[in-house]
Amino acid sequence: MIDLTGSDKSKYDVFYRVHAQNYGWLGWAKNGEPAGTAGQSKRLEAIQVIVVPKGTAPSGIIGYSYIEVGKYADNGTKDGLINYSTHVQNYGDQSYVYDGSVSGTFGESKRLEGIRINLNNDLLGYSGNVKYTTHVQTYGWQGDPNDKTGADWKSNGAMSGTSGESKRLEAICIMLDGEVANHYDVYYRVHSQTFGWLGWAKNGAPAGTAGYSKRLEGIQIVLLPKGSAAPSHNPGDAGVSAYIQR
């Protein structure tokens with residue numbers, strides 16, 4: 001975390017970003033926000049810092065600057081722009097994480113069974129909702145992924161998936177609705193059994209697999225200003241699809 005002090009603090013913002021092991025360059029944090037990773041034993045390998053006049057920003061992704069893992073986290077539902085919690089095999093409900101952190105696990109062969117997602121409208125400064133639907137073992141899609149009105153999709157903290165039924169999530173779609181959708185894109189990607197980290201999907205497109213009976217194990221979700229490029233592909237391989245079906 002880096003912050004400014006002194007009489008001219010109100011005139012400037014300090015932005016900084018880090019190159020983290022496996023992830024590459026993360027997005028820009030500013031004015032005391034955390035940058036880096038937690039709970040993963042990943043080293044920082046480089047850092048950039050810039051001070052700019054208030055209201056301006058460096059080029060590149062703003063946000064997606066800090067990546068923690070849900071089973072080590074202790075967050076509320078209002079800590080980030082977008083906050084999410086998963087129900088994980090054996091572990092149950094994880095703490096909320098936010099803005100690109102990892103909910104669930106990877107490398108532990110534990111299935112995701114359910115997910116809750118919330119927006120922080122006060123922090124965003126816009127009204128609106130987050131809607132999401134999951135593909136659940138045996139049951140299929142809980143809401144039609146082709147229905148972009150979001151009919152039958154869950155929203156604003158409601159559980160999508162199951163709890164206590166030992167059913168794996170296989171895919172997910174997430175979208176924004178209302179005024180917030182005019183200002184932000186929602187990006188998300190999943191860690192899928194056998195396939196590992198898949199590519200980034202956005203704004204209602206499916207992420208995961210179909211026809212393979214593969215569990216989701218982890219998920220990252222981030223809001224970025226409208227028109228932003230997807231975050232770095234690391235960890236994972238460049239060019240990998242967000243959704244793999246047969």
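Regarding the range 176-185, can at least one residue be identified that is touching a Ser or Thr at 6+ places or on another chain (Cβ under 9 Å) and aliphatic (A, V, I, L, M)? Write out each step before concluding.
Of the range 176-185, the ones touching a Ser or Thr at 6+ places or on another chain (Cβ under 9 Å) are 177-180, 184-185.
Then drop every residue that is not aliphatic (A, V, I, L, M), which leaves 180.
Checking the range 176-185: at least one residue is touching a Ser or Thr at 6+ places or on another chain (Cβ under 9 Å) and aliphatic (A, V, I, L, M).
Conditions: (1) at pLDDT 95 or above; (2) of a type outside the set (Val, Ile, Thr); (3) surrounded by fewer than 22 Cβ atoms within 10 Å (Cβ to Cβ). Asp99 meets all but one. Number of the miss?
Only one criterion is unmet by Asp99, namely (3).
Go through (1) farther than 24 Å from Asn234 by Cα; (2) surrounded by 22 or more Cβ atoms within 10 Å (Cβ to Cβ) for Ile2 and report which single condition fails.
So the condition that Ile2 fails would be (2).
Inside the range 78-93, can you point out the residues that are of a type in the set (S, T, N, Q) and surrounded by 17 or more Cβ atoms within 10 Å (Cβ to Cβ)?
Residues satisfying the conditions are Asn83, Ser85, Thr86, Gln89.
Can you tell me which residue is surrounded by the most Cβ atoms within 10 Å (Cβ to Cβ) among those in the range 47-74 that are closer than 17 Å to Thr105 by Cα and either over 16 Å from the mean Cα position of the chain (by Cα) or not charged (D, E, K, R) (or both)? Please lay out each step first, then the result.
Narrowing the range 47-74 to residues closer than 17 Å to Thr105 by Cα: 66-74.
Filter again for either over 16 Å from the mean Cα position of the chain (by Cα) or not charged (D, E, K, R) (or both), leaving 66-67, 69-70, 72-74.
On the way: Tyr66: 23, Ile67: 26, Val69: 20, Gly70: 24, Tyr72: 13, Ala73: 19, Asp74: 8.
Looking at residues that are closer than 17 Å to Thr105 by Cα and either over 16 Å from the mean Cα position of the chain (by Cα) or not charged (D, E, K, R) (or both), I get Ile67.
Counting only residues that are assigned to a loop (DSSP other than H, G, I, E, B) and on the phi > 0 side of the Ramachandran plot, which one in the range 12-43 is surrounded by the fewest Cβ atoms within 10 Å (Cβ to Cβ)? Step through it out loud before you land on a result.
Going residue by residue through the range 12-43, those that are assigned to a loop (DSSP other than H, G, I, E, B) are 21-23, 26-27, 31-35, 38-43.
Now drop any that are not on the phi > 0 side of the Ramachandran plot, which leaves 22, 31-32, 39, 41.
Details: Asn22: 13, Asn31: 14, Gly32: 10, Gly39: 15, Ser41: 7.
Going through the qualifying residues, I end up with Ser41.
Just one of Ser155, Ser192 is within 18 Å of His87 (Cβ to Cβ) and surrounded by 22 or more Cβ atoms within 10 Å (Cβ to Cβ); which is it?
On the way: Ser155 fails: surrounded by 22 or more Cβ atoms within 10 Å (Cβ to Cβ).
Only one candidate qualifies: Ser192.
Assigned by TED's automatic domain parsing to the domain that holds Cys173, surrounded by fewer than 18 Cβ atoms within 10 Å (Cβ to Cβ) and under 19 Å from Ser166 (Cα atoms) - does that describe any residue in the range 111-123?
no
Within the set of pairs 6 or more residues apart or between chains, which connect a residue that is surrounded by fewer than 13 Cβ atoms within 10 Å (Cβ to Cβ) inside the range 223-238 to a residue that is outside any loop (DSSP other than H, G, I, E, B) and aliphatic (A, V, I, L, M) with Cβ atoms less than 7 Å apart?
Pro225/Ile62
The values are calculated or read from the model by the stated rules, or taken from the named source; none is laboratory data. Computed from a prediction, not measured in an experiment: that's the story for all the values here. FYI the Cβ positions are ideal-geometry reconstructions off the backbone, even for glycines, and counts take in every protein chain you see.
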